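The values are calculated or read from the model by the stated rules, or taken from the named source; none is laboratory data. In this text the structure is predicted, and so the values were computed from the model without any measurement. All Cβ positions, even for glycine, are placed from backbone atoms using ideal geometry, and neighbour counts span all protein chains on display. Keep in mind that these areas ignore ligands, DNA and RNA; they rest on the heavy atoms of the full protein, side chains included. Shrake-Rupley method; radii C 1.70, N 1.55, O 1.52, S 1.80 Å.
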Amino acid sequence: MHYPMYMIWSDVDQAYIVTVPDLPGCMTDGRTADEAIKNVQIVIEEWISIAKEENRDIPEPSKGLELVSKG
């Protein structure tokens, strides 16, 4: 599944921050945009895996852009 992501640059953290609005609490960061995207793909898989283990609903991806902003 491809979930829309939102990416911003954080001057405070000196990193790209990526959130996945469809999956509450699903977020990560990276020193580069590519690293942040790779990290969020791992976090999405982990989020879904834990949701399955806990018998929670897994939201369908909303319609939208894959990546809203690179900074």
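Scanning the stretch 15-26 for residues that are in contact (Cβ under 8 Å) with a residue 12 or more places away in the chain and in a loop (DSSP other than H, G, I, E, B) yields Val20, Pro21, Asp22, Leu23, Gly25, Cys26. Take the residues in the stretch 1-14 that are without any contact (Cβ under 8 Å) to a residue 40 or more places away in the chain and in a loop (DSSP other than H, G, I, E, B), then tell me which one is least open to solvent (accessible area, probe 1.4 Å). Only one residue tops the list, namely Asp13.
Filter the stretch 46-59 down to the residues that are acidic (Asp, Glu) and either within 25 Å of Gln14 (Cα to Cα) or surrounded by 15 or more Cβ atoms within 10 Å (Cβ to Cβ) (or both) and list them by number.
Selection gives Glu46 alone.
When the stretch 27-39 is filtered for residues that are touching an Asp or Glu at 6+ places or on another chain (Cβ under 9 Å) and open to solvent by less than 30 Å² (accessible area, probe 1.4 Å), only Ala36 remains.
Considering only residues of the stretch 12-26 that are among the hydrophobic types (A, V, I, L, M, F, W, C) and in contact with a Phe, Trp or Tyr (Cβ under 9 Å, 6 or more places away or on another chain), which is farthest from Ser62 (Cα to Cα)?
Taking the candidates together, the pick is Ala15.
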